[in-house]
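> Shown below is the structure under consideration.
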Amino acid sequence: MNEYLRKNIRTLRKGKNLTQEQFAEAIGVSFKSVSRWENGDTYPDIEMIPIIAKYFAVTTDYLFGIPEEKKKEEFKAMTEELMALGEDDTERAIEIMRTVRAGYDLSDVFGRLCDCLRYSQVKKTAALTDELRRMAEAFFDGNPDAYTKTIALQNFVQLEEDQYVPALLDLYASSEGATKDCLLYERYLYRDEFDKLEVCRQRRFYRMINELINGNYSWKDERTPNNVDFAFWKNNLLLDFLHGLNNEVPTEDHPITCGKGPDVFLEQRVFLGELRTCYLAMLGRTEEAYKTLEDTVSLMEQAYALPEGAELKSSSPALPTLQLKIKRWKTDVCYTFDDGGNELGDLWGLHPEYDYDCLTSNPRWAWLDPIRNDERFKALAERVKKLI
């Protein structure tokens, strides 16, 4: 048995001046169970770990005596193993998931775990999805913040079995017509409050643009060496739209930013720039690929140099007053609307760890393989790594 767990349960119990019988009654187990835990004869059941932690107002990490950095390393190792599992390794996948559920703060790791499962080739059996559902229930019951909840929900919905999806959406997702902006838009339109209406219109238009760009890519666009010409055509189409919307003209050295700094379309430009680099690499247009990636990485660096609360604006006549504010979340750059209302929880922002993974090893981005071993490419990837 984990020596820290045994000692910590005993120390915490004594710190509250409880007998083993009193502690056992408080958490709904037998006196013998507590005695066995403290003697190191058995582990508490996996479901009991968060109950014990909550009772003593400590984290599960504290119970196991695991330093934060070590836990991060262990979780990273588990996710890498999970992504590498074969289709018949379901039992090992479930074992990893149970380890995470018992020993980690799900608000920090659940979304990432779901993301790894999406990539993994392991069969999504009933037993695996049952375990994932138990993790999801614990995650959502923990009242995660809006951004974390949205990202986790996006990943979890893709893994959940069909018959459970409607109930899942009813519980945790807002319908398109019932979002705050949609409801306020109808209110201001009815009341002829056109100044307020314009704020909602710009927000809704911005969300539509984001969906147009980010929602138009599938795994096929990113990972399979198939129909690259069509993928490149679509990338050109969306970039032309973005540049035209903002009255800007791309140059040879600035095909993504047009020589501008970060604006409200920061995330979309980085996304299109990274994918464009993939397509150019696959098409053998290496120099163009490097100029595209250089422009994209420079934009990311500029964004990360901005302080918390910095404003991002738009040069588009369709969005004359829209502003986003930089909001830091761990190592990521996220956004809120400038007036403080309606956080953009459904937008990804910038995530350097994910970007670095895509550039260097993610199999979904295999179209980068022709240039991944080039020193110029490695140098650009290293600049992204420094943002983590």
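Every number here is computed from the coordinates shown, using simple stated rules; none is lab data. Everything numeric here is computed off the predicted structure, so don't read it as measured data. Virtual Cβ from ideal backbone geometry, glycine too; neighbours counted across all protein chains shown.
> Taking the Cβ of residue 19 as the centre, find all other residues whose Cβ is under 15 Å away and add up their charges (Lys, Arg: +1; Asp, Glu: -1).
Surrounding charge for residue 19 is +2.
> If neighbour count is taken as other Cβ atoms inside 10 Å, put 285, 10, 101 in order from fewest to most.
Listing 285, 10, 101 from fewest to most nearby Cβ atoms yields 285, 10, 101.
> Let me ask another. Using 0.36 nm per residue, how much length does the chain from residue 211 to residue 260 gain when fully extended, once their Cα-Cα distance is taken away?
15.4 nm
> Kindly provide the GluC sites (Glu not before Pro) of the range 1-94 that DSSP labels as loop, not H, G, I, E or B, and whose Cβ sees at most 14 other Cβ atoms within 10 Å.
47, 87
> From the helices alone, meaning DSSP H stretches of at least four residues, give me the mean residue ellipticity at 222 nm for the chain, per-run term -39500 (n - 2.57), in deg cm²/dmol to the nearest 500.
-19500 deg cm²/dmol
> Express in whole angstrom the spacing between the alpha-carbon centres of the range 239-270 and the range 1-79.
Cα centroid to Cα centroid, the span is 53 Å.
> Neighbour counts of other C-beta atoms within 10 Å: give me 191, 203, 92 arranged from fewest to most.
Least crowded to most crowded, the residues run 191, 92, 203.
> Can I ask one more? Rounded to the nearest 0.05, what FRET efficiency do residue 31 and residue 357 give with R0 = 51 Å and r taken as the Cβ-Cβ distance? Could you check?
Using R0 = 51 Å, I get an efficiency of 0.55.
> Also: Any idea how far apart residue 189 and residue 364 come out in nm if each label point goes 7 Å out from Cα toward Cβ?
Roughly 3.5 nm, to one decimal.
> Calculate, for residue 173 and residue 145, the FRET efficiency according to 1/(1 + (r/R0)^6) with r their C-beta to C-beta distance and R0 25 Å; round to the nearest 0.05.
0.95
> Let me ask something additional. Which lysines have a Cα lying under 23 Å from the Cα of residue 149, excluding residues fewer than 8 positions away in the same chain?
54, 71, 72, 76, 124, 180, 325, 327, 330
> Something else now. Toward the positive end of the charge dipole of the chain, about the Cα centre and with charges on Cβ (Lys, Arg +1; Asp, Glu -1), which of 66, 30, 168 goes farthest?
Value computed over the given set: 30.
> When the chain is fully extended, how far beyond the present Cα-Cα distance does residue 305 get from residue 323, taking 0.36 nm per residue of separation?
4.7 nm
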